[in-house]
Amino acid sequence: MKRVGFLYALMFVCLSAGGVTYGQSEARKACPFNVVGTWRSEAATENPILFRFAPDGTVTLLSASTAIPNSDFETLAAVSYKLDKPSAPTRLDIIAARGNEVFGRGTTAMEIVEYGDDSFTTIHPVDGRRTHWVRAKTNRYFLTFAARRTQLTGYSDDSSQKIDPKVGRPNGAAYGGPAFAMWTKLDGRKTEVETLGLYLRTEGVGRMVPVVGAIPSGLYKEFLKESDKDSDVMMRLELSEAEFERTHKVFKIWEKRAQDKTLLYDEPYLNAMEFLRRTAESLNQCGERVKLHKLDWLQNDEIVSRHHIPAHPLEYIRDMRKKNDKLHVTDARFPADWRPGQF
Amino acid sequence: MDRRKFLSSPVTNAAAAADSAAEAQKRAYLTNAVLTNHEGKKVRFYDDLLKDKITIVNMMYAKCDGICPMVTSNLKRVYQGLKGRIGVDTFMYSITLKPEQDSPLALKRFAEMHYANLPGWQFLTGDPDEIETIRFRLFRWDHPGLDNDVDQHTGMVFLFNDNLSRNCKTPAMSSVRSLLETISWMDPIPVQAARARRDAAKLVAKFEREAAWAEGEKWAKGAVAIGR
């Protein structure tokens, strides 16, 4: 009986240990860690010190302050940092060549025992103190997908007319129009907006030419607020800093493609669709953040089989909004007057 | 100034300008991305690998357990079929589809494992986005469903003659004979014509030999009959 009991106990220990290990590895595998950004430690006082980790290996210690004009923070000190493996770290070294009020001279090596998008936990090497770090909200991030339905010339609905096979099938509406993604960053003082996607440029006598690139300000400003036009569709999401960085990588790649003329297709609408799809799917890199239409471009694909290529981006965004309406940040919920301070 | 030179210079200048414009266009379209070959050497895609050459390009990755090893083995037979041409006017390039995984060393090991570490055949890696551009420019089907599946691009070979701006794609698992035939389309017309004349002459000689042999056999049979 004792032996059976022992075996059960052993099995329980093994299973629990396995479960923990499995859980940890899954959590770690889910998303690469990104230390870049501003963090505060759990052991914060009334006037918390913030740690701003820069991509160049420096960490700046900041304190919330109203004394400095045009800034919400006062710089206390700057030291260096190093992660053993930046995307899956187990050790964080803070290196103070001269030493300062916060860090003594030399290297303080901290063991990282867990991490996620918005927090990580370290253990101090000397006293074994456990510190939980969370991202400080010094900025707020939004990603907006927007599209407008426009009647297109040169794309016919008439099945008796010859249609360029690249453009699409003879049935369905001949509409398309601008479709783009917009990254918005608020820091409480200014709003930074970056856009990329497809817009229509008028060339010659009223000829509309689809172009992939940065969206003209006149157009994207119409989508800074929700439009009440039936022709417009918009999906605005609030992102964490890590999510923003991940989606912004797609923006950087495609911005370069548009500038260097190395877009993947000759057809602008295909490029726009591919860019928007990759941007949206980058939100789901670490689990399902938004429900998306899975474009497979085959006969059973609801969007592809029912619409011409120029309408695909619009329909994709419309479908995204329909599936994720609760995640959409309405104008009423958009923090236009937000100021950092509540860390 | 020499009158002939004076009169012809605007013409030659215009031709040179048109040539360089065409070259710039090809460089822009095919890209001049900096890649690293399996020996660790940096090369520019258009300037160093394609310009003034006949090229055979395919896409693979070292850990591919699908079609890639078979394609590499087939291309090795093509290499042998092209005898003295590889490394002279014709070059072979295998570009990785997974540059994040395939270091130059991993590609070298792949080449050695397939006995393909041969002169005139380079295995290449580089920046993932630049390789994606090359992949789309050379192999895309204009169908995102297919193009986003990297494996769809491992089964094709891209053939290109820079001097003639002639290119085509062909299935990589075609018979070696068929691949060699398709590669021969990349040759300039005079070369093709000379080859056709040579082949025709060989055929005529073969027919004549066969006819003479048949005649000889007939004569021999007749002689045997007379002997009886």
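The values are calculated or read from the model by the stated rules, or taken from the named source; none is laboratory data. For clarity, every value in this text was computed on a predicted model and none was experimentally measured. Quick reminder, even Gly has a Cβ in these numbers, built from the backbone with ideal geometry, and neighbours come from all protein chains shown.
Would a scan of segment A:315-322 turn up a residue that is not in a helix (DSSP H, G or I) and not charged (D, E, K, R)?
no
Looking only at segment B:49-99, count every residue that is in contact (Cβ under 8 Å) with a residue 40 or more places away in the chain, polar (S, T, N, Q) and surrounded by fewer than 17 Cβ atoms within 10 Å (Cβ to Cβ) and tell me the total.
Qualifying residue count, segment B:49-99: 1.
Out of the residues in segment B:121-161 that are aromatic (F, W, Y) and more than 14 Å from chain A (Cβ to nearest Cβ), which is nearest to B:L105 (Cα to Cα)?
Taking the candidates together, the pick is B:F123.
Results for (1) without any contact (Cβ under 8 Å) to a residue 40 or more places away in the chain; (2) of a type in the set (G, A, S), shown as yes or no for each residue.
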| residue | (1), (2) |
| --- | --- |
| A:A181 | no, yes |
| A:K185 | no, no |
| A:V193 | yes, no |
| A:L196 | no, no |
| A:Y199 | yes, no |
| A:E203 | yes, no |
| A:M208 | no, no |
| A:V233 | no, no |
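Sort out which residues of segment A:260-280 are at the interface with chain B (Cβ under 9 Å from one of its Cβ atoms) and not aliphatic (A, V, I, L, M), and write them in order of number.
A:D260, A:K261, A:T262, A:Y265, A:D266, A:E267, A:E274, A:R277
If a residue must be surrounded by fewer than 19 Cβ atoms within 10 Å (Cβ to Cβ) and either touching a Ser or Thr at 6+ places or on another chain (Cβ under 8 Å) or closer than 16 Å to A:T262 by Cβ (or both), how many such residues does segment B:15-30 contain?
7
Consider B:G120 carefully, then state whether it is of a type in the set (G, A, S) and more than 21 Å from B:T90 (Cα to Cα).
Considered against the rule, which asks whether it is of a type in the set (G, A, S) and more than 21 Å from B:T90 (Cα to Cα), B:G120 comes out as no.
Can you tell me which of A:L298, A:L264 is buried (at least 20 other Cβ atoms within 10 Å of the Cβ) and part of a loop (DSSP other than H, G, I, E, B)?
Numbers: A:L298 fails: buried (at least 20 other Cβ atoms within 10 Å of the Cβ).
Only one candidate qualifies: A:L264.
Only one of these is within 16 Å of the chain's Cα centre (by Cα) and under 25 Å from B:I134 (Cα atoms): A:E267, A:E255. Name it.
A:E255
How many residues are crowded, with 18+ Cβ neighbours inside 10 Å and not in a strand (DSSP E or B) when one looks only at segment A:118-136? Break it down into steps so the answer makes sense when it comes.
Within segment A:118-136, the first condition is being crowded, with 18+ Cβ neighbours inside 10 Å, and the residues that meet it are A:120, A:122, A:133, A:135-136.
From the residues that got through so far, the ones that are not in a strand (DSSP E or B) too are A:136.
Looking only at that region, the number is 1.
Quick one: A:L292 ticks every box in (1) touching a residue at least 40 places away in the same chain (Cβ under 8 Å); (2) in a loop (DSSP other than H, G, I, E, B); (3) touching a Lys or Arg at 6+ places or on another chain (Cβ under 9 Å) except a single one, so which number is it?
For A:L292, the exception is condition (1).
Spot the failing condition for B:D102; the list is (1) free of Cβ contacts under 8 Å to residues at least 60 places away in the same chain; (2) within 14 Å of chain A (Cβ to nearest Cβ); (3) not small (G, A, S), and only one is missed.
Going through the list (1) free of Cβ contacts under 8 Å to residues at least 60 places away in the same chain; (2) within 14 Å of chain A (Cβ to nearest Cβ); (3) not small (G, A, S), B:D102 breaks only (2).
Residues B:D147, B:D162, B:D142: which one is touching a helix residue (DSSP H, G or I) at 6+ places or on another chain (Cβ under 7 Å) and surrounded by fewer than 21 Cβ atoms within 10 Å (Cβ to Cβ)? Give the steps one after another, and end with the answer.
Numbers: B:D147 fails: surrounded by fewer than 21 Cβ atoms within 10 Å (Cβ to Cβ); B:D142 fails: touching a helix residue (DSSP H, G or I) at 6+ places or on another chain (Cβ under 7 Å).
It is B:D162.
Hey, among the residues in segment A:137-157 that are small (G, A, S) and part of a loop (DSSP other than H, G, I, E, B), which one's modelled with the lowest pLDDT? Spell out the reasoning first.
In the first step, residues of segment A:137-157 are kept if they are small (G, A, S); the result is A:146-147, A:154, A:156.
Pick out the ones that are also part of a loop (DSSP other than H, G, I, E, B) and you get A:154, A:156.
Numbers: A:G154: 57, A:S156: 48.
Only one residue fits best here, namely A:S156.
Name the strands (runs of 3 or more DSSP E) wholly within segment B:26-66 that hold at least 1 residues that are under 23 Å from B:D187 (Cβ atoms) and at pLDDT 95 or above?
Ranges flagged: B:54-60.
Among the residues of segment B:158-186, write down those that are in contact (Cβ under 8 Å) with a residue 60 or more places away in the chain and β-branched (V, I, T).
Answer for segment B:158-186, where residues must be in contact (Cβ under 8 Å) with a residue 60 or more places away in the chain and β-branched (V, I, T): B:V176, B:I183.
Can you name the residue in segment A:304-341 that is β-branched (V, I, T) and modelled with pLDDT of 90 or more and is also nearest to A:A136 (Cα to Cα) among such residues? I'd like the intermediate steps shown before the answer.
Start the filter on segment A:304-341 by keeping residues that are β-branched (V, I, T), which leaves A:304, A:309, A:317, A:329-330.
Those left that are additionally modelled with pLDDT of 90 or more: A:317, A:329-330.
Values: A:I317: 31, A:V329: 21, A:T330: 24 Å.
Looking at the filtered set, the residue picked out is A:V329.
Tally up the residues in segment B:25-68 that are on the phi < 0 side of the Ramachandran plot and within 14 Å of another protein chain (Cβ to nearest Cβ), please.
Residues meeting the conditions: 11.
With the requirement that a residue be surrounded by 11 or more Cβ atoms within 10 Å (Cβ to Cβ), over 20 Å from A:F275 (Cβ atoms) and β-branched (V, I, T), what does segment A:190-212 give you?
Within segment A:190-212, just A:T191 meets the criteria.
Can you pull out every residue in segment A:231-259 that is away from every other protein chain (no Cβ under 14 Å), in a helix (DSSP H, G or I) and of a type outside the set (S, T, Y)?
Within segment A:231-259, A:E241, A:A242, A:E243, A:F244, A:E245, A:R246, A:H248 meet the criteria.
Please pick out the residue among A:L283, A:L327, A:L298 that is within 12 Å of chain B (Cβ to nearest Cβ) and of a type in the set (A, V, I, L, M, F, W, C). Steps first, please.
On the way: A:L283 fails: within 12 Å of chain B (Cβ to nearest Cβ); A:L327 fails: within 12 Å of chain B (Cβ to nearest Cβ).
Being within 12 Å of chain B (Cβ to nearest Cβ) and of a type in the set (A, V, I, L, M, F, W, C) holds for just one of A:L283, A:L327, A:L298, which is A:L298.
Name, by its number, the condition in (1) over 25 Å from B:F136 (Cα atoms); (2) touching a residue at least 12 places away in the same chain (Cβ under 8 Å) that does not hold for A:I309.
Evaluating A:I309 over (1) over 25 Å from B:F136 (Cα atoms); (2) touching a residue at least 12 places away in the same chain (Cβ under 8 Å) leaves (1) as the failure.
Would you check which residues across segment A:99-128 are in contact (Cβ under 8 Å) with a residue 40 or more places away in the chain and more than 20 Å from A:P32 (Cα to Cα) and list them?
A:V102
Tell me which of these B:L164 doesn't satisfy, since it passes every other one: (1) at pLDDT below 90; (2) away from chain A (no Cβ under 14 Å).
In the conditions (1) at pLDDT below 90; (2) away from chain A (no Cβ under 14 Å), B:L164 misses (1) alone.
Criterion first (closer than 27 Å to A:L263 by Cβ and modelled with pLDDT of 95 or more) does B:T90 satisfy it?
It is false that B:T90 is closer than 27 Å to A:L263 by Cβ and modelled with pLDDT of 95 or more.
On the basis of being in contact (Cβ under 8 Å) with a residue 40 or more places away in the chain, out of contact with any His (no Cβ under 9 Å at 6 or more places or on another chain) and within 30 Å of A:S305 (Cβ to Cβ), does B:G155 make the cut?
yes
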